[in-house]
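Below is one structure, written out as structure tokens; the observations come after it.
Values in this text are rule-based calculations from the coordinates and carry no lab data. None of the values given here were measured: they were computed from a predicted structure. Note that each Cβ is placed from the backbone with ideal geometry, even for glycine, and that neighbours are counted across all protein chains shown.
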Amino acid sequence: MSIPPPPGPPPQEPQGPYPPGQYAHGQHPQGPCAPPGPYPYQPWGQGYRPYNSPAPVNGVAIAALALGILCCVPALGLLLGLVALRQIRRSGERGRGMAVTGAVLSCLGLVLWVAVPVGGAALDAWLKNAAHDHGSAYSLAKGECFDSPSGSLEGMAYDVDKVPCAGLHDAEVFATFRMAGGTRYPGDGKVTDAADTRCYALRYGYAMDAWAVPDDVDVYYLTPGRQSWRYGDREVTCLFGNTDEKAGLKGSLRNDKQTLDADQAAYLKAADVENAALDRQPKDSPDDDLKAGRQWAGRMSAALTEEARMLRGHSWPADAKAPVAKVVKEVTARQEEWARAAKADDANSFYEHYDLVMALSTPDRAVTARKALGLTAVPPESRDEEDDGNGTGGSSEFEV
């Protein structure tokens, strides 16, 4: 990547994060040329001593300012400015103004440099290699955890601090993907929509057991900005983060084929077929858009047909055969009602079949099967309105 919500309200106006990426719910970065910050400024703390001496000036900040003024190596000046800000934040040294000024002046030089195609390509490659060595968003990979300098997954940030997932941390990377597109920036809305859609879908590949994901965990993402797009940045980084910034996350949320046994993975893979269809629920109700509702019901019917086929086709352990068979029976019954809803003549008819789907949902059967397989057997607390055979989710999104 270049330098630098459970479904909820639409993303807010972008504010940025790394010189290319940025945090959560659709906010977008302003690119490497955004003025460094805003970090909580930590003033130099003078210890008790007979004579207080001023804090030393950060040497990297001085170098960043010099390179920014000379514009001889703008990429290096920008990087040094970012590194200086990070060092100053940790050490309390002076020179923040120098670092900011050097980074901004270097950005102006970069704007001129990237106007030349060869220079732009060389810059992108150089920045990626350099950023990888300084803890920027470029180096974030699937399965890694990090802390945000500001402690928030909203707003701007120029670097991150990688930390072990076993301890307390702000976010965990569960997927990355590259956006397609030409040299012209598609706009904040399209970038946000792409990140929102893909990240929510990709979460099942990393956290296959939806019941094991805490209710206060949401999906966030780092996205390209207008400036970083010009440098060739197309990468979106998908993250898990706590909706309560003060709480954070502790321990990895990963549960996939690397952490599950074959039977657990088979059960969850079948269940996630239904989850993926649930994620495509239309925004408008059948009262407002019956056609969209019927199409969704058709997708649900097809997904449940596939789920039942996958559950029947696996060879289950002896103590799990009967519980899984009961889940299959329920899945089949719900599939039939979804199929009828897909052919509903009006909204009232649609709701009749939809209500039957809800009535057929019995989470106890899923709990029994999950216990037999050694999976999380406690349904998510926030999804107790509409339980189905494999779990539930509020607002018609009952994750299984």
### Message
Between residue 162 and residue 329, how high is the FRET efficiency from 1/(1 + (r/R0)^6) when r is the Cβ-Cβ distance and R₀ = 30 Å? Nearest 0.05.
### Response
0.05
### Task
Find which of 348, 297, 317 sits farthest along the positive direction of the dipole of segment 262-392, computed with +1 on the beta-carbon of Lys and Arg, -1 on that of Asp and Glu, about the Cα centre.
317
#### Entry: Cα-based convex hull volume of segment 209-254 per residue, rounded to whole Å³
102 Å³
### Query
What per residue convex hull volume, in Å³, comes out for segment 163-320 when only alpha-carbon positions are used?
172 Å³
### Query
Fewest to most neighbouring Cβ within 10 Å: what's the order for 305, 237?
305, 237
### Query
Over the Cα atoms of segment 246-390, what Rg and Dmax result, in angstrom?
16.4, 49
## Note on the structure
Residues 365, 226 in order from fewest to most other beta-carbon atoms within 10 Å are 226, 365
